[in-house]
Every structure is written in C-alpha cells, then in structure tokens.
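The values are calculated or read from the model by the stated rules, or taken from the named source; none is laboratory data. Everything numeric here is computed off the predicted structure, so don't read it as measured data. A quick note on method: Cβ atoms are made from the backbone with ideal geometry, for glycine too, and the neighbour counts reach across all protein chains shown.
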Amino acid sequence: MSGRFRVGAALAGVVVLTAAGLVAANWATAETRTKQTGQKAGQPGQQGAVGRVTEQSPLVAEALETQLGSDSGVVGSYYDDAGALVVAVSDLATAELVRQAGAIPKLVRYTAGQLNAVLGELNRLATGSSAGKVRSWYVDPVSGTVVVTVPNGAHDMFTERFLRRAKENGDQVTIRTAAGQVTTTADDFSLRGGVQVDKNTGYVCSLGFNARTSKGTRIFLTAGHCTAGKPSFSRNGYVLGNTQSSSFPGNDYGTVDVIQGWDQQGYVEGWGAGNIAVKGIANQTVGSTLCKSGKSTGWTCGKIVARNVTVNYGNNRIVRGLFQHTACVEAGDSGGANMTGNYAQGITSGAALIDGQCLEKTGRTNESYAQPIAEALEATNSQLVMN
C-alpha cells in the first residue's frame, strides 16, 4: 500500500558505508558486495517518572531547545541512562528555566558559542589542510566540551598537528582514543526503506526513504557516496531509476528517480521486526534510542551518542553535520534508514569496522554515523512518503 507524503521540517546534519577498498581496522561507509543475515533488536522508547521529561518522544528535546531559544545558555541536551532529559547549560538563569520545564539542568563551564568556535576552527583545519587519521570531532553536551576521537597508535605528522591545534584550546577539548578508522562501506551491487538497491557499477547500497519533490517527481533518498558518479540503480534485476542529485563529501545524501511501476511505500523494512511505518521526522537527541535498517545487518538498534559530528573518511573526504550512534552498521548498509520509533532520523553514512565487522563483534561499542534526514529533504526540496 502506498503511503501519504508530507514536507519534512529542516534538521541539522552522518557518514557513508561502502565496501570498495575496505580493509581491516577501517572506518567505513556502508556499501558491500555480499548479503548478510539481518539482526533485530528491541523497539525504542522509555517512560520516566511523573512530572519529569523523559524519552517518550524524539520531539520533546527538540521542542524544549526551541522554546529556550538559540540565544540561551543551552549547549545541548541528552537522555541519561534512566531516560530523563538532561539539558547542558552555561548559566544559572537558563538552568532555572530548564528545571521549570521539567527537565534536569546540568551546568557546564563553556558556552555553546565558545565550543562551536572550537568546532569551526577544527573544521577549517581539516578541510584546508588535513586531519590525518583523526576520526571525528563534535560538541558533546554530556562532557560540555568538544570531543575529538583518534584511533589508537595514530602518530603520523598530520594527526599530531591536528591534535596539537586541538589541545591549544585547553579544557574546551577532550581527546578520546578508539579502535578502528573511518571509511565508507557501501556494497557496490516493494520499495521500502532499508532494502538493497544495486548500482550499475557492481556495488550495492541500501534505500533510505521514499520521497516526492515539490514538482511531484518520485525519488528515493540514499547516501551521497552511493550516488557519487551518478550511477543508475536497480532492484532484483529490474530498473529503479537514475541518480538525480548527489552531495559527498561535505554532506552525504543523494536522490534517485523512481520509474513508474514501483510502489513507493511509507514503510521501513524491519527485517523480522515487522514493517515500520514512517509518520514524521525528528531531531537527533543524545541518549535517544535509534534503530537502523540496512541490507547487510538488517534491523539493529542502539543509542544516539552525538550530533553535528565532523568525520574524516581519509583522502580529504570530510563530512560535517553527521550524528553518531551505537547500532551495528556494516558494508552494504550505506544509505539505509535510521529511525526512532516511527520518526525518520537519517541516512546511514559509515561506521568504524574491524575486519569488515561492526565493533560489537570484537567486544567494543559500535561507532556508526548517519546523515540527518531533514537537511537532505530541505536541500532536495522534497517530502517523505509517509504512512
């Protein structure tokens, strides 16, 4: 059954997953050449104590931050382990407003302006020169700092220079080490989000979401590194359409025309968890549950760790505005749908992989990245097909 479609509100800005050039201990976009068994996990959502804002809807945190305003002392927000909404603020007046709204205020040392200035400086250094092997950097509301992640054992000249510049900002920056490196992981081989789509170049990716442009053109959204070079796409041996637009690096989203005869549905493939109806879009709140659908790992779930993350895929392929989460993502999942409940969050971009596998398979916490859906919709002047 075809779904209804509406215009999605704009949201802020994740990584690609391609199999080409995949090596051990690499960050990856989510493309791949081989099918893998899907996994399923529990549905998102928590219910908190009466009178306290909890993870009942991914829209709650977004609404509260909007209510407080961009000029307030809000650094960011996140759900804690108990599901309560915590808002990081830099002044007592804003803390009191947060408390009155039913959320938990957390005082941090630095303002959003100070931290975003550091983030902007690191973005300019990476794009103007090089970030070496540094994996990612973002403003973190939990620590109240800019978190910079670097692989263990990375000591080359460019990495050391980037870290040296980052450390010049003192306590505003936290350096974290982690396993793996970033790379794209696309697998270059019903129309619902998360299903396999094949490129005419021999690689495969995953479909993100069905959509319509303002002119009524039928399209689907996927990762920009999947549409790079403007390939045509097919599914199960039948033509889907040609690439209409592509943005990578910088961003990671692309659109593909859908020819007549395909039934564009407002659902995401649940890989054994049932089809997930798409009913809207939401902003990314740190601590929220997130599940992703992709052709290689199926339906996997985790938590959102950070938003507005800058990721270094190597070879000067810097992508800004991604969000990071802990669901398992592997090659071939690139372009797939990311959801919180029935709300679209983003499009799979990439992940940290070791020997082609997500980190949980070696006893570590997954590090996966996605492109926020709202930015892609706004840039392509399109609307999601919804159920």
From (1) surrounded by fewer than 24 Cβ atoms within 10 Å (Cβ to Cβ); (2) more than 30 Å from Val239 (Cβ to Cβ); (3) among the aliphatic types (A, V, I, L, M); (4) at pLDDT below 95, pick out the condition that doesn't hold for Leu191. (2)
Considering residues of the range 250-272 that are of a type in the set (A, V, I, L, M) and more than 21 Å from the chain's Cα centre (by Cα) only, the residue modelled with the highest pLDDT: Val258
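Residues in the range 94-104: is at least one touching an Asp or Glu at 6+ places or on another chain (Cβ under 7 Å) and at pLDDT below 95? Explain how you work it out, then say what you get.
Residues of the range 94-104 touching an Asp or Glu at 6+ places or on another chain (Cβ under 7 Å): none.
No - not one qualifying residue is present in the range 94-104.
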Residues satisfying the stated conditions in the range 64-82, i.e. at pLDDT below 75, surrounded by fewer than 16 Cβ atoms within 10 Å (Cβ to Cβ) and either touching a strand residue (DSSP E or B) at 6+ places or on another chain (Cβ under 6 Å) or within 23 Å of Val147 (Cα to Cα) (or both): Ser70, Asp71
Report yes if Gln383 is over 16 Å from Thr222 (Cβ atoms) and either modelled with pLDDT of 95 or more or in a helix (DSSP H, G or I) (or both), otherwise no. yes
Residue under question is Gly120, and the condition is that it be surrounded by fewer than 16 Cβ atoms within 10 Å (Cβ to Cβ) and within 18 Å of Phe323 (Cα to Cα); does it hold? yes
For the range 313-336, name all the residues that are farther than 13 Å from His225 by Cα, crowded, with 24+ Cβ neighbours inside 10 Å and touching a Lys or Arg at 6+ places or on another chain (Cβ under 7 Å). Phe323, His325, Ala327, Val329
Return only the number of the condition from (1) at pLDDT below 95; (2) in contact with a Phe, Trp or Tyr (Cβ under 8 Å, 6 or more places away or on another chain) that Cys291 does not satisfy. (1)
Which is under 23 Å from the mean Cα position of the chain (by Cα), buried (at least 21 other Cβ atoms within 10 Å of the Cβ) and on the phi < 0 side of the Ramachandran plot, of Val139, Val89, Val98? Val139
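Scan the strands (runs of 3 or more DSSP E) fully inside the range 110-179 and keep the ones with 2 or more residues being of a type in the set (Lys, Arg). Before the answer, list the steps.
On the way: elements: 136-140, 145-151, 173-178.
Qualifying strands (runs of 3 or more DSSP E): none found.
So, of the residues in the range 265-279 that are of a type in the set (A, V, I, L, M, F, W, C) and in a strand (DSSP E or B), which turns out to be surrounded by the fewest Cβ atoms within 10 Å (Cβ to Cβ)? Explain how you work it out, then say what you get.
Applying the first criterion (of a type in the set (A, V, I, L, M, F, W, C)) to the range 265-279 yields 268, 271, 273, 276-278.
The next check asks that each one be in a strand (DSSP E or B); those that pass are 268, 276-277.
Working: Val268: 30, Ile276: 24, Ala277: 15.
Here the residue is Ala277.
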The correct count of residues that are under 18 Å from Ser293 (Cα atoms) and in a helix (DSSP H, G or I) in the range 362-373 is 1
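Just to check your reading of the model, which residue among Val148, Val204 is within 22 Å of Thr300 (Cα to Cα) and surrounded by 20 or more Cβ atoms within 10 Å (Cβ to Cβ)? It would help to see each step written out before you state the result.
Numbers: Val148 fails: within 22 Å of Thr300 (Cα to Cα).
One residue alone meets the criteria, Val204.
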For Ala93, only one of the following conditions fails: (1) farther than 30 Å from Thr300 by Cβ; (2) touching a strand residue (DSSP E or B) at 6+ places or on another chain (Cβ under 7 Å). What is its number? (2)
